[in-house]
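Visitor: Sharing a structure below in structure tokens format, with a few things to ask.
The values are calculated or read from the model by the stated rules, or taken from the named source; none is laboratory data. What you see is a predicted model, and the numbers here were worked out from it, not measured in a lab. Ideal geometry is used to build each Cβ from the backbone, glycine not excepted, and the neighbour counts take in all protein chains shown. For accessibility, only protein heavy atoms count, side chains too; no ligands or nucleic acids. Shrake-Rupley method; radii C 1.70, N 1.55, O 1.52, S 1.80 Å.
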Amino acid sequence: MFKLTRTAGLMVLILLPTRGIPLGLGEIELRSALNEPLKAEVNLLDVGKMSVNDIVVNLASASEFERLGIDRPFFLTSLQMAVQKTAGGRAVIHLTSAAPVKEPFLDMLLSLSWPEGRMVREYTLLLDPPLLTEETAAPVVAPLAASTTSPSSAPVLLDRNGVAGGPRKTVLTSDENGLSYGPVKRNDTLWSVAEAMRGERPLTISQVMLALVRENPQAFYRGNVNALKAGYVLRIEDVAAIS
């Protein structure tokens with residue numbers, strides 16, 4: 001069983017297939033940690049009776065990375081990708097690297113092609129973040145009022161201790177040392193929040209993401225960076241310490 005530090009990052013973008021069969025890229029599961037060669041598995045969706053030999057996966061082109069404003073480090077070009085069937089009959093993509101991953105966040109665009117179409121999906125992988133191990137993960141507070149409010153209702157405002165307050169508009173505030181963002185909206189992602197909180201500061205989005213995970217573990221359901229809870233106010237106490 002892998003620690004929460006070895007679970008996957010978040011999906012930011014899906015470009016729908018051009019036509020035909022709705023083959024898709026599903027969730028990614030990391031089987032390696034920081035400073036280890038990459039081992040990951042991506043589930044393929046709606047494969048049906050299609051042969052894995054008809055499915056081709058590659059790193060997206062440099063122009064696609066550039067168009068979406070994503071860096072394409074040389075390390076990504078060394079990734080090995082293979083489409084295979086598991087013993088249970090699932091179609092998956094195995095991602096591996098010979099060299100260890102040195103950065104805690106890894107952005108990649110995967111291009112999936114088959115006879116009837118093509119799609120591109122972006123994954124942001126979080127490797128070995130502090131405070132998200134099985135031994136040290138903070139207790140998770142279940143989202144409040146999730147089953148009693150309609151989708152159009154304002155989220156319940158929760159502070160960093162999971163205490164409910166009144167609903168309000170999402171705002172980004174800063175004080176002498178720190179930053180706050182909240183309450184989190186239902187369509188917010190860790191990436192989008194980090195991008196907003198970074199602003200014009202000389203920081204990478206990855207650095208801000210790591211700080212958010214480290215300082216607000218209770219805002220992620222079951223410690224999963226994909227599951228950012230609506231209604232929480234996220235806080236970074238010391239912006240200067242992020243770098």
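Visitor: Between residue 204 and residues 5 or more places away or on another chain, which pairs have amide H atoms under 5 Å apart, with H built 1.01 Å from N, and which residues are they?
Guide: Here the answer is none, since no amide H 5 or more places off falls under 5 Å of that of residue 204.
Visitor: With θ taken as phi - 60° and the coefficients 6.51, -1.76 and 1.60, list the Karplus ³J(HN,Hα) couplings across the range 109-116 in order, rounded to whole Hz; mark glycine and proline as x.
Guide: Taking θ as phi minus 60°, the curve returns 10, 9, 10, 10, 10, 8, x, 9 Hz for the range 109-116.
Visitor: Across the range 231-243, in residue order, what do the Karplus-derived ³J(HN,Hα) couplings come to in whole Hz, using 6.51 cos²θ - 1.76 cosθ + 1.60 with θ = phi - 60° and x for Gly and Pro?
Guide: x, 7, 9, 8, 9, 10, 6, 10, 4, 5, 7, 4, 6
Visitor: In addition: Just reorder 191, 114 by solvent-accessible area, largest first, 1.4 Å probe, all chains present.
Guide: My answer, sorted largest first, is 191, 114.
Visitor: Looking only at the range 208-233, which residues have a backbone nitrogen under 13 Å from a spot 7 Å from the Cα of residue 175 in the C-beta direction?
Guide: No residues fall inside that zone.
Visitor: Report the calculated FRET efficiency for residue 67 and residue 238 (r = Cβ-Cβ distance, R0 = 41 Å), to the nearest 0.05.
Guide: 0.70
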